[in-house]
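Encoded as structure tokens, the structure appears first; notes follow it.
The values are calculated or read from the model by the stated rules, or taken from the named source; none is laboratory data. This is a predicted model, so every value here is computed, not measured. Cβ coordinates were reconstructed from backbone atoms using ideal geometry, including for glycine residues, and neighbour counts include every protein chain displayed. The protein model used for the area step is the full one, side chains on, heavy atoms only, and it has no ligands, DNA or RNA in it. Shrake-Rupley method; radii C 1.70, N 1.55, O 1.52, S 1.80 Å.
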Amino acid sequence: WLVIDRKVYDVTKFSKRHPGGNRVIRHYAGQDATDAFVAFHSDRSLVRKYLTSLLIGELAPDQPSFESNKKKSLLEDFRELRRTVEKMGLLRPNHLFFFLIFFHLLVLDAASWLVVWYFGVSLVPFLVGIAFFTIAQIQMGWFQHDLGHCSVFKKPKWNHLLQIVVINVLKGLPASWWNHLHNQHHAKPNCFRKDPDLNMHPLLFSLGKPLSVEVSKCPIKILSSFFSLERRRRSSCLTTTSTSISSVS
């Protein structure tokens with residue numbers, strides 16, 4: 001179960017059919033997922049229709065409606081800021097801007113191949129072609145990022161369709177793979193073992209000052225340092241909220 005706007009939902013079976021993947025829901029098991037729900041779903045009125053059948057209760061009046069490891073005042077300020085930004089229309093996309101972005105990416109990508117085809121593979125044309133191709137590929141990564149967030153078109157299906165064209169066809173990577181990992185990143189950013197961006201060996205990437213000091217002092221005990229970090233991170237990111245719930249008849 002999880003909590004959205006003080007209402008408790010049993011998502012055990014639904015998580016397997018969740019369009020955004022079941023791990024995103026599992027990361028909030030036993031916790032308040034209100035802010036993540038608002039951030040991930042632009043058409044919340046449509047999604048709430050599916051939630052009706054999953055409702056099993058509500059939080060007791062004395063139970064807080066936010067994640068236990070977060071500060072209430074900061075959350076309230078953030079929610080107010082988000083409402084203000086939405087009212088100002090700052091989240092409405094500029095379709096002309098995105099069209100020009102996509103067009104210049106296609107031009108750069110085509111130019112990279114044309115330079116090599118027309119001038120041959122001597123050093124200068126080859127380096128120019130690499131420069132065009134590299135810039136195009138990097139910018140395509142950020143463009144498909146906006147598409148993956150459904151930030152370009154109002155309807156998600158158009159965002160996903162163009163994202164497939166950009167990342168699958170032009171970059172050669174599966175959109176489903178990227179969405180699966182990136183949704184988890186934004187669901188639990190910087191939470192060890194839940195944010196895929198942090199799932200690295202401590203030799204390659206260390207989180208915070210405690211692990212850096214432990215690794216530098218005792219390389220032989222890296223494994224124990226790794227697990228001690230996991231325990232510390234679990235206390236802040238993976239806490240299961242203990243709540244009082246009033247059942248819905």
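Of the solvent-accessible surface of the range 92-186, computed with a 1.4 Å probe over protein heavy atoms with every protein chain present, carbon and sulfur atoms account for 76 percent.
With an 8 Å cut-off on Cα pairs and a minimum separation of 6 or more residues, tell me the relative contact order of the range 2-73 in percent. Reported relative contact order: 44 percent.
Rounded to the nearest 20, the size of the Cβ-charge dipole of the range 2-73 about its Cα centre is 280 debye, with Lys and Arg at +1 and Asp and Glu at -1. Remark: for residue pairs Lys72/Lys154; Lys49/Lys157; Lys13/Lys71; Lys16/Lys72; Lys49/Lys188, the C-alpha separation exceeds 29 Å in Lys72/Lys154; Lys13/Lys71; Lys16/Lys72. Based on protein heavy atoms only, the range 2-73 ends up with 58 Å² per residue of surface accessible to a 1.4 Å probe. Using a simple spin-label model with pseudo-atoms 7 Å out from Cα toward Cβ, Gln139 and Lys157 lie 3.1 nm apart.
A Cβ-based charge dipole, computed about the Cα centre of the range 1-142 with Lys and Arg at +1 and Asp and Glu at -1, lands at about 360 debye.
Can you sort Phe98, Phe40 by solvent-accessible area, 1.4 Å probe, largest first?
The most accessible residue leads, giving Phe40, Phe98.
Which part of the range 112-143 falls in the paramagnetic zone of Leu173, meaning amide N under 12 Å from the point 7 Å along Cα-to-beta-carbon? It comes to 137-143, nothing else. Note on Val165 and His185: the model spin-label points, each 7 Å out from Cα along the C-beta direction, lie 2.4 nm apart. With a Förster radius of 41 Å applied to the C-beta separation of Leu55 and Val107, the computed FRET efficiency comes to 0.20.
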